[in-house]
Amino acid sequence: MTKKRTGVFVCHCGSNIAATVDVAAVAKAMASEESVVCARDYVYMCSDPGQNAVIQAIKDNQLDSVVVSCCSPNLHEKTFRDNAKSAGLNSFTCEIANIREQCSWVHKDRGQATEKAIRISRSAVRRAGRNLALEPIAVGVTRRVLVVGGGIAGIQASLDLANAGFEVVLVEKNATIGGHMIQLSETFPTLDCSQCILSPKMVEVSRHPKITLMTSSEVEEVSGYIGNFKAKIRSKPMYVDPDKCKICDDCSQVCPVVVPNQYDLGVSARRAIYIPYAQAIPASYTLDEASCLGLNPVVCGKCKDVCEAGAIDYDVQPRTVIEDVGAVVLATGFDLYGQDHLGSYGLGQYEDVLDGLQFERLCSASGPTKGHVLRPSDHKEPKDVVFIQCVGSRDPARHCSYCSKICCMYTAKHARLYKHHVPDGRAYVFYIDIRSGGKGYEEFVQRTMEDDGTLYLRGRVSSIYEDNGKIRVFGNDTLSGQNVEIEADMVVLALAMQPSTGTAEIAKILKVGRDKDGFLAEAHPKLRPVESVTAGIFLAGAAQGPKDIPETVSQASAAAAKVIMLLSQPQLTHSPMVARVRSRLCTGCEMCVDACPYDAIRLENGKAVVNDVLCEGCGTCSATCVRAAIEVKNATPLQMQEMIGAVLNF
Amino acid sequence: MINPQDLCTRARDLLASGEVRAVVGYRRGSRGMAAEPVVITKPEEAASLVWDPSCVHNLALYLVADRKRLAHLHQTPGKPIAIVAKGCDARALVVLMQENYFKREEVYILGVSCESTGVWDDQKLMQRLGCDSQSLTGGRFDGDDFVVTTATGEQRISAPECMADRCLECRHPFPTMNNVVLGEEKARTLAAPFAALSRFEEATGTQPARWAFWQRQFERCIRCFACRSVCPMCYCEECIVDSITFTVALDTTAAEKANRVRWIQRSATRSENIGYHMTRALHLAGRCIDCGECERVCPVHIPLRLLNNKLEKESREKFGYEPGVSIEIASLVSSFRDDDPNDFIR
Amino acid sequence: MMHEQQQTQTQYEPKIVAFLCKWCSSAGSDLAGVSRIQYPAHATPITVMCSGSVSPQYILSAFNKGADGVLVSGCHIGDCHYMEGNYLARRKLYLINEMLQFIGVEPTRFRMSWVSAAEGAKFANIVKDFVEDLRPLGPQDKLKAQHP
């Protein structure tokens, strides 16, 4: 084997490195390494003259590998690899030794820092000495997108993508799209009607030639990798053909089953055959198999008898399709923090204690009370209404530690809507703080307090119980220091937001991480907020964390833009630092197959085989294999051994 | 109780019917009452098979050897091989199948239950009788006892007095995975699991005492690799800590030769011996089924079971993992649980 | 060699090899740098892709080559860039940690930590504590290669 010819370039970074590290001594020490043919230092290696000097040195000394001792590879690894490439080297022969963040900036003793910089540089030199020239792996792209979740986030992302010319498959678990937003009455801070602004978008989705809408459907399995996913989607039967259904309501009239209507959060009732709400998309009745008296065999059959359009078919079977897509947008939204956690607030126990979404339905013109605020127990107009914020939020000891972010605003909105409906009523709000950051938000809250005369009480509620048709609310006003007792007609709880049911499952299916609270984890909290850690899977809306509608829409559009960027490339490239099997040593024990987080390894004729595109190069396989039969290119055990030796002056 | 004649009959029938191409079992050795492994291929050889307390070897090793031989000859296995397997041997087979080294249908397991006893330990025999198995002229199982024949005549001894430690501590003396099994499954507790390990841990409670003990052990090692040779789990083509096993094939390139990692030196010094034994123990974590063969064959009497038992115990207690019970599960180090110990991490 | 002997006579300076995962712990040590948090220079980092890629062999090798202490640091449980790598690392390294102590190596010599990209100060403290804990033990010679 011919001897390596490595060049080492030690950067002063002005005085950032040179003040603590004797850069000339580092260069000198590197020059004595066997594989190093040229070693020099320069004030700013990343500057134009610095980079040109590297190129010149590569040419003058016929270098085959380069080590740059400088700042963190996160900053300039790409710079120097590109630079090496422009000098005719393979970019993967260039290694970075981090002697700034991990050395000069954290040590004061010049002697010790210099010694450490030498150790770090030497280990990079040893590693570079065994680097292979690698080429990025080219991967084709399927120019279609899977959007999971048909709330405002999924709708916005789907429309943006479809309008950019990409085919979209929009999968929604429920019978209609619209999500939680369509349940809302008005939206803050402008109080425009939620259905008025969302319905047109829903209709556009249903009519868009580029969008395939799959309601009552769930993603069961996803295999593949960025640019080339295969999604297995299972659709439950609706039993009513949307193309034939005339929405005449005849079927519902004859249906003998009455169950709570989830769309109205149980405040109203519906039949087993029903339309979730008038603006539902697809615009069709649907038969709820779970509450129907029986489909197999047919027990009742009244709806089918009465349907003149012949839209009802009891024999429809669940259907599973496989969709090829290049990217996935996860917009699975939120659920309210369940009532089973919140017994002390009387939710689920007292009829007139409602959660925020139930109150939205009471205010909504399409709601069970046709927009009149009437309390569920006796359908009388409530005169004293208590709104309680932070129910389940900001309570690390018992509930969720995080702030659900939108409750301050929607509680202010609720109080105003109530006052608009019942001008002589009294609204009380218990709060911890008011968090009203956002355009027009603070002004909105001020108007709630001042114009609409809502009484804001700073403090937590200690107990709630029903007494003689009233709900007694005990609390403490920490500003006045007084105990407060309110005889309320209705209590509305601003429940915490939590990831929707099924978020854990879809995260598992797609192998994207979740944060400590169960929301889908972004790849970087600041710089990659709409990407998941898994390449090709993007996040939008409240599935990623509590957020309001404008933020959700922005994130959905951002995710769409990221997908467009991804799918607009003629082909994708994948890091070539992937695992490689040393077949002769492999016995097919499958330990690496089990250990691989990406299912990138499979057995073929009794030997492990790596799918280069699925492999992310984490190296867990290599550390698991007892036979040294699998290793990651350019991070091999041999390279590690030599680096360990270099670090220990061995 | 097993009648050894039944074993011979089974083996003979298996060979006569052509169901298996060979039977791996035990026969009388050349000296005294020490059994030796044998591979028979003809029905008439079946009469030579024995089953008695001297059947100490883990015969799974011979299946591994057969598989390697076939691989070198580029031959396919064909008909299954039958193997006489005690509980521990059968667990070894489970691990080998879990690692896809064999398919279940390639092995015919002629299980033998150790019932209420196990195999004997030569050193303990020596202590009890003043002679080892090679000086005995007879020996058989009899209920909870061994009946041995010495120069002075037949003698009945309580089996636990002379049983190998690993048999006393054995939790699975019955080969659960089998095609046919002789003898019964008997509930028994002769010693607590990991009893020898616990005794050692108590005796050497402090870290300097541990080191003083192991320093002596590891300095003694001559790196003869007998422990590796006898271990059915050490079936790697190359041993990553022994460069002499690095094979050179026709297609081995110069770069490949140069790029081999030599984790430890070949010299039998303490540091390198520790490297070898630590690596071996870690590579056996979740795979060692405590057949105790490594310790039995060690010419310098290093208590190697302690190392393997330590990790077996940790795996069982901390990870709920027991080797050799299921072919289907992922191996110890390629799986995890959310509640694996975390308190050793800062 | 002469140079090293002189050093041990004056003051013993422990040598630490620190395997840091690229995404969390190495980024965390970068943050310590950006924040200019000072800590001892005894630990030399080797950045690996994932703590799950740290083979117990690397740790034995580091001790064999004369490391006085070995640190492996990864993402917090649940935060692994590769989702599961640190879970697998935890299990493997638990075993080697137990094994080292079992044969009588001082428990202080091997250390594992979870350091996120946001925990620069934690990283600095871990190194600081490690160096302080190692000093009283003196050089590690139990596993260090002997040259006959």
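One table, with the values for the structure above:
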read-out	value
Lone qualifier among A:Ile177, A:Ile137, A:Ile182 - being of a type in the set (Val, Ile, Thr) and either within 14 Å of chain C (Cβ to nearest Cβ) or surrounded by fewer than 21 Cβ atoms within 10 Å (Cβ to Cβ) (or both)	A:Ile137
Candidate set from the range A:638-650 (those that are surrounded by fewer than 24 Cβ atoms within 10 Å (Cβ to Cβ) and at the interface with chain C (Cβ under 8 Å from one of its Cβ atoms)); member that is modelled with the lowest pLDDT	A:Phe650
Selection count where residues are touching a Gly at 6+ places or on another chain (Cβ under 7 Å), under 30 Å from A:Glu218 (Cα atoms) and among the small types (Gly, Ala, Ser), scope the range A:461-502	3
Residue within the range A:455-466 that is in the same structural domain as A:Leu374 (by TED's automatic domain parsing), among the aromatic types (Phe, Trp, Tyr), free of Cβ contacts under 8 Å to residues at least 40 places away in the same chain and surrounded by 17 or more Cβ atoms within 10 Å (Cβ to Cβ) present	yes
Test: residue in the range B:49-60 that is open to solvent by 30 Å² or more (accessible area, probe 1.4 Å), in contact with a strand residue (DSSP E or B) (Cβ under 9 Å, 6 or more places away or on another chain) and in the same structural domain as B:Gln134 (by TED's automatic domain parsing)	no
Those strands (runs of 3 or more DSSP E) lying entirely in the range B:129-216 with at least 1 residues more than 30 Å from B:Glu105 (Cα to Cα) and in contact with a helix residue (DSSP H, G or I) (Cβ under 9 Å, 6 or more places away or on another chain)	B:138-142, B:145-150, B:153-158
Some residue of the range A:88-105 being within 10 Å of another protein chain (Cβ to nearest Cβ), in contact with a Lys or Arg (Cβ under 7 Å, 6 or more places away or on another chain), open to solvent by 10 Å² or more (accessible area, probe 1.4 Å) and not polar (S, T, N, Q)	yes
Odd one out for A:Lys28 among (1) in contact (Cβ under 8 Å) with a residue 12 or more places away in the chain; (2) more than 25 Å from C:Cys21 (Cβ to Cβ)	(1)
Qualifying residue in the range B:269-284 (condition: open to solvent by 30 Å² or more (accessible area, probe 1.4 Å) and among the hydrophobic types (A, V, I, L, M, F, W, C))	no
Residue match in the range C:56-79 (condition: within 23 Å of B:Glu317 (Cβ to Cβ), within 7 Å of chain B (Cβ to nearest Cβ), free of Cβ contacts under 8 Å to residues at least 40 places away in the same chain and among the hydroxyl-bearing types (Ser, Thr, Tyr))	no
Helices (runs of 4 or more DSSP H) (entirely within the range A:9-109) containing at least 1 residues that are at pLDDT 95 or above and under 41 Å from the mean Cα position of the chain (by Cα)	A:48-60, A:73-86
Inter-residue pairs, beta-carbon under 8 Å, first more than 7 Å from every other protein chain (Cβ to nearest Cβ) and in the range C:86-97, second open to solvent by 10 Å² or more (accessible area, probe 1.4 Å) and among the β-branched types (Val, Ile, Thr), 6+ apart	C:Asn86/C:Ile77
Residue in the range B:317-328 that is in contact (Cβ under 8 Å) with a residue 40 or more places away in the chain and either away from chain A (no Cβ under 14 Å) or within 25 Å of B:Arg223 (Cβ to Cβ) (or both) present	yes
Selection count, the range C:98-110, where residues are within 7 Å of chain B (Cβ to nearest Cβ) and charged (D, E, K, R)	2
Yes/no for B:Ala255 being over 30 Å from B:Ala90 (Cα atoms), in a helix (DSSP H, G or I) and facing another protein chain (nearest Cβ under 7 Å)	yes
Options A:Glu443, A:Glu381; residue that is surrounded by fewer than 21 Cβ atoms within 10 Å (Cβ to Cβ), assigned to a helix (DSSP H, G or I), touching a residue at least 24 places away in the same chain (Cβ under 8 Å) and not assigned by TED's automatic domain parsing to the domain that holds A:Ala543	A:Glu443
Residue within the range B:266-274 that is in contact with a Leu (Cβ under 8 Å, 6 or more places away or on another chain), free of Cβ contacts under 8 Å to residues at least 40 places away in the same chain and more than 8 Å from chain A (Cβ to nearest Cβ) present	yes
Some residue of the range A:423-435 being of a type in the set (Val, Ile, Thr) and more than 33 Å from the chain's Cα centre (by Cα)	no
First in the range B:6-25 and assigned to a helix (DSSP H, G or I), second anywhere and among the aromatic types (Phe, Trp, Tyr) and open to solvent by 20 Å² or more (accessible area, probe 1.4 Å), Cβ under 7 Å, 6 or more apart	B:Leu14/B:Tyr108
Tabulated pairs, the range A:612-640, first on the phi > 0 side of the Ramachandran plot and part of a loop (DSSP other than H, G, I, E, B), second surrounded by 22 or more Cβ atoms within 10 Å (Cβ to Cβ) and among the charged types (D, E, K, R), C-beta under 8 angstrom, 6+ apart or interchain	A:Gly619/A:Glu631; A:Asn634/A:Arg127
Unmet requirement for A:Leu63, which otherwise passes all of (1) without any contact (Cβ under 8 Å) to a residue 40 or more places away in the chain; (2) under 28 Å from A:Lys633 (Cα atoms)	(1)
Yes/no for A:Ser284 being without any contact (Cβ under 8 Å) to a residue 60 or more places away in the chain and buried (at least 19 other Cβ atoms within 10 Å of the Cβ)	yes
Candidate set from the range A:564-599 (those that are in contact with a Cys (Cβ under 9 Å, 6 or more places away or on another chain) and assigned to a strand (DSSP E or B)); member that is nearest to the other protein chains (Cβ to nearest Cβ)	A:Ala579
Pairs, first touching a residue at least 40 places away in the same chain (Cβ under 8 Å) in the range B:214-235, second in a loop (DSSP other than H, G, I, E, B) and among the acidic types (Asp, Glu), C-beta under 9 Å, six or more apart	B:Arg223/B:Asp242; B:Arg228/B:Asp242; B:Met233/B:Glu99; B:Tyr235/B:Glu99
Residues satisfying the stated conditions in the range A:419-440, i.e. in a loop (DSSP other than H, G, I, E, B) and either surrounded by fewer than 16 Cβ atoms within 10 Å (Cβ to Cβ) or not assigned by TED's automatic domain parsing to the domain that holds A:Ser393 (or both)	A:Pro423, A:Asp424, A:Asp433, A:Gly437, A:Lys439, A:Gly440
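The values are calculated or read from the model by the stated rules, or taken from the named source; none is laboratory data. For clarity, every value in this text was computed on a predicted model and none was experimentally measured. Here Cβ is always computed from backbone atoms with ideal geometry, including for glycine, and neighbour counts include all displayed protein chains. The area values use the complete protein model at the heavy-atom level, side chains included, leaving out ligands, DNA and RNA. Shrake-Rupley method; radii C 1.70, N 1.55, O 1.52, S 1.80 Å.
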